[in-house]
Amino acid sequence: MFWRGASTPRYLYIRMTTEAVLSGYRQRRDELHAGLARLRSSRMAASGFFGCATVAAVVLAVFALAMHRVVPLVYSLAVLPVALYCGRKCLRRNSDLRKTLRLARYYEQAVARVEGAWAGAGVDGELFARSNHLYGRDLNVLGEGSLFELLCTCRTEIGRRSLANYLLDAPLPEEAIERQKAVQELHGRTDLREQISALGEFSFQESTSAAFADWMELPRVRVHSRLRAMALTTSALFVLLLIGAGGLFPWAHWVLLPLWAGSLLAVHAVIGLLYRDRVLASLPRTRALGLEIGVLRDGLKILQTQQFQSATLRRIVELVREGNPTPKIGRLARLIYALTERDRDAVYAISRALLVGTQVFLTIEKWREQHSASLAQWLSAWGEFEALLALAGYSYEHPENTFPRLLDTEVAFEGRELGHPLLPAAVCVRNDVSLNGKKRLYVVSGSNMAGKSTLLRTIGLNAVLAYAGAPVPGKSLSLSLFSVCASLSVVDSLLNGKSKFFAEMDRLRQTIEAAMESRPALFLIDEILSGTNSRDRRAAAEAIVRTLVECGALGLLSTHDLALTELPDLPGMHGTNVHMGSRDGSDPLDFDFLLKPGITAESSALEIARLAGVPV
């Protein structure tokens, strides 16, 4: 079947058609739905047999008690193995049913992504938004209907955070190239993506970086080995005393038993009081970690068994294998479970008497002392792996996309037939863009709704995808490693006392500062300084753009103000005028969204006002 990527060479990049991908997803979804029906039927049968066997055992037991001289009671026990077998089978069917249901939902979402019905149905990534980021809000990287929501198929919050970091932070050139190779290798591993999506017994089980960070940031408690040994010894002696009370000790020693037991309990009380505050302070965070550690353990177990060829994936797997985290994290999970279960009513008294909580706490502290540094590395490795797997899923679901070429010897952004990553292929209009050392500036003029802002976002989002290691919607793209800076959706802030004009000036200042750093800047500015008069806008825009160009930056400036179309012709600007508008000029609202040379001669403001019902 198509999703069994392991049947093909691991590093063979196979380009399928979108129709083939969609057909395969639908086939797998339908198989899972058929499996759900079979599992429900099997569970119902197992439940029925379990109920019948249980009732039969009870009836036989009652009959045996009533007729004990005729039917021995032991006969009723013969039905119990059948009841236990059916009960166990019912539990297994419940577990299989939950897993299959989650997989069916996973493929339903996959079908929706390929069909273009994904917006608002996934994870929007708002949790990872950064204030004053140079392009996060402006390019729709995060939020509902964002690039993050389209890409994110990560099982855990750790992976989602790593994916957000991929999209918000530009890597070194060699790192971006290695990411591409890793994504290409994972491209066809639908089997691996399916395994990861099914991690955990329940869908609500998580692994969040905050839970692990909070736990690792708890104040360290120094664990004295002699104190641990003494607590273990006194607990063992107390157990022996309890056993002795059952008849192992001579009657002569019963007089001494209360004294011995009281002494041991006094020692436990002293040790318990010594660590009481620290145990109680750590319990909430430790218990929270216990709910999330299982998914990470199972995921790392899968990761340890993989064989990869790309350098990034080999580094991730080797990092995990060297630490052998599965048994260590499994032990931590068992310790946390024991710490939580000690408060059960059935064992409350004995756990307090044996100092179970304190001893488990000290063992957990010892584990944290030994493995906290390794745990941070395992979390980082897992997050990076999930991010790469999500990008590979995007690559698989968009076979028409191409991997960009990253340049390290020249400053350029040159793309052929680039499309907006968030638009369906059926309605996406593609454009050519060529910015380089000789042509550093596009001044894009055009009427409202002609597609200028979408063009700027197309360029910015394709750069973000390229740096993350993903393919882009276009025939080809060659680009340098830029600091992407966008000013498209800057708004005022009542809380911070900033007007829209001041907020835009602050963003432009950040853009100039980024351009003055070692890495060149790619600036995308929509309607520059629209909050001031034309004369001031013309003078300020010239100063800003000239500073950016002189710093080696490339970029686009969109505007309705035709006075700004003079900028490309000024000495040292290295720019050109382009525009977007209607198809043939006969209908100002009949846009083709194509980039054309020259300055626009159209205006659609009055037509749009009439269309909206405004009397003009």
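The values are calculated or read from the model by the stated rules, or taken from the named source; none is laboratory data. Since this is a predicted model, take the numbers as computed values, not measurements. FYI the Cβ positions are ideal-geometry reconstructions off the backbone, even for glycines, and counts take in every protein chain you see. Calculation scope for accessible area: heavy atoms of the full protein, side chains included, ligands and nucleic acids excluded. Shrake-Rupley method; radii C 1.70, N 1.55, O 1.52, S 1.80 Å.
Side notes on the structure shown:
- Tail beyond 22 Å, pair distance distribution of the stretch 432-586 (Cα, percent): 41 percent
- FRET efficiency for E108 and A373, using Cβ-Cβ distance with R0 set to 30 Å, rounded to 0.05: 0.15
- Diffusion coefficient (Stokes-Einstein, Kirkwood radius over C-alpha pairs, 4 °C, 1.567 mPa s) for the stretch 511-550: 118 µm²/s, rounded to a whole number.
- Relative contact order for the stretch 274-425, counting Cα pairs under 8 Å that sit 6 or more residues apart, in percent: 25 percent
- Stokes-Einstein D in µm²/s, Kirkwood radius over Cα pairs - the stretch 309-405 at 25 °C with 0.890 mPa s viscosity: 147 µm²/s
- Projected onto planes of every orientation and averaged, the convex hull of the alpha-carbon atoms in the stretch 355-506 covers 16.3 nm².
- Karplus 3J(HN,Hα) series, Hz, for the stretch 466-475 with 6.51 cos²θ - 1.76 cosθ + 1.60 (x for Gly, Pro): 4, 5, 6, x, 9, x, 10, x, x, 5
- When you work out D = kT/(6 pi eta Rh) for the stretch 264-313 at 4 °C and 1.567 mPa s, using the Kirkwood radius from C-alpha pairs as Rh and the Stokes-Einstein form, the result is 89 µm²/s.
- Cut-off under 5 Å, modelled amide H: who pairs with T402 long-range: V472, G474
- Backbone HN-Hα couplings from phi across the stretch 384-397 [Karplus 6.51/-1.76/1.60, Hz, Gly and Pro as x]: 5, 5, 5, 5, 5, 5, 5, 5, 5, x, 4, 4, 5, 7
- Separation of the alpha carbons by more than 27 angstrom is noted, of K439/K475; K181/K438; K181/K328; K475/K596; K500/K596, for K181/K438; K181/K328; K500/K596.
- Label-point separation, R276 to E517 (7 Å along Cα→Cβ), nm: 5.3 nm
- Per-selection metrics, the stretch 289-366 (Cα): Rg and Dmax in Å: 17.0, 55
- Residue-span extension gain [K500 to V55] - 0.36 nm each, minus C-alpha spacing: 152.8 nm
- 3J(HN,Hα) from dihedral phi, the stretch 174-190, Karplus parametrisation 6.51/-1.76/1.60, rounded to Hz, x for glycine, proline: 5, 5, 5, 5, 5, 4, 4, 5, 5, 5, 4, 5, 8, 3, x, 7, 5
- Note on S434 and R315: the model spin-label points, each 7 Å out from Cα along the C-beta direction, lie 3.6 nm apart.
- Solvent-accessible area of the stretch 310-428 (1.4 angstrom probe, protein heavy atoms only): carbon and sulfur portion equals 52 percent.
- Looking at the stretch 305-377, the accessible area is 49 square angstrom per residue; that uses a 1.4 Å probe and ignores ligands, DNA and RNA.
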